[in-house]
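Remarks on the structure that follows.
The values are calculated or read from the model by the stated rules, or taken from the named source; none is laboratory data. On a predicted model such as this, the values are computed, not experimentally measured, just so you know. Glycine also receives a Cβ, built like all others from the backbone with ideal geometry; neighbour counts cover every protein chain displayed. To get the accessible areas, we keep the full protein, side chains included, count just its heavy atoms, and leave off ligands, DNA and RNA. Shrake-Rupley method; radii C 1.70, N 1.55, O 1.52, S 1.80 Å.
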Amino acid sequence: APFRILRITPGHGFRTAVISAQTHNDAWYSDDVTGVLGGRGWQSGQGSGLPSPVGGVIADGDGVLQLGIKETEVAANDGSASVELDVAFAGPSGQRGSLVAPLVGLIPGIQSSGETLPGGANYFYAVSAIDSDGGESPLSFVVQAAVPAGNSSNSVTLRDIGVPVGATGFHVYRGIAARKLLRIASNVVAGGSFTDTGLPYMAALPPDPQFDHVNLYWRWEWLPEASATIHSAATIGNAILQLRPNQYAGSAVRITRGKGAGQERVIAFHDAHTMTVETPWSEIPAADSDFVISESAWRSGAKGNSSPISITLPERLGSGLQLSARAANSGEDEAAYELSPLTRWTIGQSGALLADSDVPPVPVFGLGVSPSRGGVLDFGSLSFGSLTNTRSVTAGTFRIHYFDEINGPAPLSLTSAVGSASEVIRLSGSVLPATYVQIGREVLLAISTDSLGNTTVGRGLHSTAAADYAAGDRAYILREKVSIVPFIRNFFGAGASGDWKASLELPYVRIASAELYMTNAVGNGPVAFREFTSTNDQGLRTLGGGQFTFQISGYLAIQTGAAPSIIVDAERTVRDLYGILRTPALGAGVTLQLNLNGAAYATVQFDPGATVSRPVDGFGLQVLRFGDELSLDVTGVGTTNPGSDLAVVVRL
């Protein structure tokens, strides 16, 4: 009996072969294809086990159906945000009918004038029969039509179309690949022929028994679309590009338009303008080709069996990405990547996101010592010149550059004079590279030190000014403290932002400068600087709070140990010290000497007739350690009236 061979499978060691066949009966078929046929009809030949690719739903400017994308901003509990993309695709027809596949002649008619089908391409056609319930049969055999180049006014006629008994009409599908067909006509009345005049694609695919779901993938795009002014069998590029050589080696370059569109290769190496690919192009690009550069690896997004599918991405407004929807069967075997729809997208291009398009602007901020808590810094007065790109600000990073007055190293000194224009200094000790140094009211950055002890520095940093210095001037090694403060989204511009405050405990240091930059969903913004070296102390001293007090009742007299000694309870630095008299001294001033462990520590001087002494700045005085003893001597009194009722205050 006659039979049709369906598949030949080699056996073990290729000694045997398994032949799968289907019996044949001439009665199943008819030579009359002018109308509705009886019998079984033809099978489509599909049955490889792999699903056919899904399609796009929105036609771009070139008439190619792209994935449909809808953007939504999603806020997280921590105040950050991401972007949710709803990705729409065209899947196979959901209604499979009981009809068998129709017949179609394998030799189409091609006309080269009067219509709108572009030339220079191979088109593939198939038809499916429709029953009275809208159910669709499998596809017919695929018909190939090679339309010659030279014009875009062609048409293709499918001949000898016959549909099975019970069919009410047929659908027509076309594609540029045999396994990627999209509908171009629906519910055509049964007849012997059909002419494609250049009909647009619809977002509809034929039934696919192998389809189970869609796997959605995405990847970042590094370089946006550029025209190929440089092209050959293994290269592509553009003369105006200024890439860092091999910056994108190992990334993927994809031809998006023009000759060779759809091809993708891995970049082996490149210079500033030209990419050389690992595998030569199958179709060499031309001057009308465009290309992009992206990650070579895909990231798994989500899966689903119905459109749309939602995926969540970082909110990087303005960043390009590529999305690929790949049909898969129940065993996770996927349709061909090259035939699956790939859509380029820029986050925010829909205009639906109220998000930032760039990093935040430079901030303005205030910094001071807490008036009520010793050793605590208060941040406040935070604002921007413009609120543009501040919606997604979630953090601010403060960097405090300070000299540790208790645990810091002893100040170094300059061994020779330095002019304001000099970029080399010599210090009495070593300093590590990338370390900030304060000399006078200037902040410098140590870059490197040679074998002779010459240190190359950056001058006048953090809004300070370079100046001249003499040999022996002190140089303070600065440390760094980083503090990150959080913000909720959309905080700036709200009423509460004007009252924002934050605190940082940092006792017993002298702050030379501070910097701040803000971070939003796009990235880190520019840095703002504040300098504090122009104060009387050449810095902002945080201290620790509290005070020691010596008291002497009655008239003063020259006396050693004039008041009970004070034992220091913890390591402390001195803010300043001064004295108060109830009755001023006359004829001469009062002179006091504060001692530390029996040695002179500071001198307090009253002018004649003054009830308050001259203040003594505590910066530079020796650190008070736990267990140290402070004592007070009266070394001079008034000659006419010695003065009476003394209080000496040591502020910490």
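Points to keep in mind about this one:
- Asp468 fulfils the conditions (1) over 30 Å from Leu317 (Cα atoms); (2) open to solvent by less than 40 Å² (accessible area, probe 1.4 Å) except for a single criterion, (2).
- Restricting the search to strands (runs of 3 or more DSSP E) fully inside the stretch 496-611 and requiring at least 2 residues that are free of Cβ contacts under 8 Å to residues at least 60 places away in the same chain gives 591-596, 599-605.
- Breaking point among (1) assigned to a strand (DSSP E or B); (2) under 27 Å from Asp404 (Cα atoms); (3) open to solvent by less than 50 Å² (accessible area, probe 1.4 Å), for Asp633: (2)
- Scanning the stretch 365-388 for residues that are open to solvent by 80 Å² or more (accessible area, probe 1.4 Å) and under 31 Å from the mean Cα position of the chain (by Cα) yields Ser381, Gly385, Leu387, Thr388.
- The set of residues in the stretch 105-160 being open to solvent by 20 Å² or more (accessible area, probe 1.4 Å) and hydrophobic (A, V, I, L, M, F, W, C) consists of Leu106, Ile107, Ile110, Ala121, Phe124, Phe141, Val142, Ala146, Ala149.
- Lone qualifier among Leu445, Leu432 - being closer than 30 Å to Val574 by Cα and outside any loop (DSSP other than H, G, I, E, B): Leu445
- Any hit, the stretch 574-584, residues being at positive phi and either surrounded by fewer than 16 Cβ atoms within 10 Å (Cβ to Cβ) or over 60 Å from the mean Cα position of the chain (by Cα) (or both): no
- Strands (runs of 3 or more DSSP E) contained in the stretch 193-301 and holding at least 2 residues among the aliphatic types (A, V, I, L, M): 213-227, 252-257, 264-270, 274-277, 290-294
- Test: residue in the stretch 595-606 that is open to solvent by less than 40 Å² (accessible area, probe 1.4 Å), among the polar types (S, T, N, Q), closer than 30 Å to Gly460 by Cβ and in contact with a Ser or Thr (Cβ under 9 Å, 6 or more places away or on another chain): no
- Filtered by the rule that a residue be open to solvent by less than 50 Å² (accessible area, probe 1.4 Å), within 21 Å of Ser93 (Cα to Cα) and in a loop (DSSP other than H, G, I, E, B), the stretch 305-332 gives a lone residue, Asn329.
- Test: residue in the stretch 537-550 that is out of contact with any Phe, Trp or Tyr (no Cβ under 7 Å at 6 or more places or on another chain), surrounded by 21 or more Cβ atoms within 10 Å (Cβ to Cβ) and among the charged types (D, E, K, R): no
- Of residues in the stretch 601-643 being of a type in the set (A, V, I, L, M) and more than 57 Å from the chain's Cα centre (by Cα), the one nearest to Ile580 (Cα to Cα): Val612
- Single match in Arg391, Arg399 (criterion: at pLDDT 90 or above, under 26 Å from the mean Cα position of the chain (by Cα) and of a type in the set (D, E, K, R)): Arg399
- Pick from the stretch 247-301, criterion open to solvent by 60 Å² or more (accessible area, probe 1.4 Å) and of a type in the set (A, V, I, L, M), ranking: farthest from Ala233 (Cα to Cα): Ala297
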